[in-house]
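I have placed the structure first, in the form of structure tokens, so that the comments after it can refer back to it.
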Amino acid sequence: MEKPKLFITGANGLIGNILWEGLAGTYELYGVDVEGGGDRNIAVADLSSPEEIESTMVAAGPHLLIHLAADPSPDANWESVLTNNIIATRNVYEAARKVGVKRVVFASSNHVVAGYEDDLPAGGKIAPQDPPRPVSYYGASKVFGEAVAHMYYECYGLESICLRIGAVQDNDQPAENLREKQLWISHRDLVYLFQRSLEARVGFGIYFGISDNRQTYLDIRNAVEELGYRPQDDSFRTPNTRK
Ligand SMILES: NC(=O)c1ccc[n+]([C@@H]2O[C@H](COP(=O)([O-])OP(=O)(O)OC[C@H]3O[C@@H](n4cnc5c(N)ncnc54)[C@H](O)[C@@H]3O)[C@@H](O)[C@H]2O)c1
């Protein structure tokens, strides 16, 4: 049986590399990134140009898409956020609609709800349905991305799963910092969450993406129930983080 074609934006970044390795067995992979390099099937294009992303996507003809490309810094300035997060995300959705992509998995962020962090009661959790409270242009750009995703679902039936990712570490170890530890997602849980997001029978949804961390302030129950996400790791398990 032919593998479904999966197109990954920002494929040369941290998460792009992890997903490429984890999903290559299941999907026929195509990528795009503004940075070239490597011997994988990754085209060089700037997603802030509608023509560049459209021609790259037409050439690949994907069924499914993972949209990772963005300026991922919470301190990113307005010009960079506008170009790489806001304009680029709209261009990706418009190109996806034109080439007939069935579903997009959008890399949103915990920064959509960062405003709750200072006034949460002890043991309190933020649910994905709580109103967004961004405190940065970066966080606001992810609220915009979720809204565009919803708009393309409502207007065109283009499905989207928005994953508000916690904290991915290059070395796959939880950070010492308490906040980052609570937000940790291991590489294998990340790959599984994206895989479930590509496959689950859900038209549109918003979910937090973290491991099964026993101490956290993000509620992942809807990801478990609706996507079938089964995280295996816990940043607070000692001495090993692996089950
Ligand atoms: N790493 C995390 O812990 C984390 C947490 C929450 C959300 N996210 C989100 O996940 C996504 C991937 O994050 P990452 O950590 O892999 O970041 P990264 O910076 O390692 O990768 C992003 C990639 O996107 C590319 N890119 C940026 N602007 C582009 C443009 N205009 N056109 C084409 N390519 C462009 C970059 O060249 C880079 O390779 C981002 O959207 C980020 O906001 C990441």
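Tabulated results
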| item | result |
| --- | --- |
| Highest-MSF residue in the chain out of ASN213, ASN91, ASN77 [GNM, Cα springs under 10 Å] | ASN77 |
| Helix 88-99 vs. the chain, principal-axis angle (Cα, 0 to 90°, nearest 10) | 50 |
| Sorted largest first, extent of the stretch 39-181 alpha carbons per principal axis (Å) | 50, 37, 28 |
| Candidates GLY203, GLY145, GLY123: whichever shows maximal mean-square fluctuation once the chain is modelled as a Gaussian network with Cα springs under 10 Å | GLY123 |
| For the stretch 146-243, radius of gyration divided by Kirkwood radius, i.e. Rg to Rh on alpha-carbons | 1.02 |
| Where GluC sites (Glu not before Pro) in DSSP loops with at most 15 other Cβ within 10 Å are excluded, longest remaining stretch of the chain | 36-175 |
| Exposure proxy order (Cβ contacts within 10 Å, fewest to most) of MET1, MET57, MET151 | MET1, MET151, MET57 |
| Rounded to 10°, Cα long-axis angle of helix 14-23 versus longest principal axis of the chain | 80 |
| Degrees between helix 187-199 axis and first principal axis of the chain (Cα, 0 to 90, nearest 10) | 50 |
| In Å, descending, principal axis extents of the Cα set of the chain | 50, 38, 34 |
| Cα-centred dipole magnitude for the stretch 76-124, charges only on beta-carbon of K, R (+1) and D, E (-1), debye, nearest 20 | 600 |
| Alpha carbon centroid spacing (whole Å) that separates the stretch 168-243 from the stretch 107-145 | 16 |
| Whichever lysines have a C-alpha closer than 25 Å to that of LYS142, once near sequence neighbours (fewer than 8 apart) are set aside | LYS98, LYS102, LYS125, LYS181 |
| Selection from ASN91, LEU68, VAL113 lying farthest towards where the dipole of the stretch 61-119 points positive, charges on Cβ | ASN91 |
| ILE66 long-range amide H proximity, modeled H, under 5 Å | PHE7, ILE8, THR9, VAL105 |
| Qualifying trypsin sites (Lys or Arg not before Pro) for the stretch 172-232 [loop in DSSP, other Cβ within 10 Å: at most 11] | ARG201, ARG214 |
| Whole-number percent relative contact order across the chain, with pairs defined as alpha carbons under 8 Å at least 6 apart | 16 |
| Charge dipole (debye, nearest 20) of the chain; +1 at Cβ of Lys and Arg, -1 at Cβ of Asp and Glu | 780 |
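Every number here is computed from the coordinates shown, using simple stated rules; none is lab data. The structure displayed is predicted, hence computed values, not measured ones. Because the Cβ atoms are built from the backbone with ideal geometry, glycine has one as well, and the counts that use them run over all protein chains shown.
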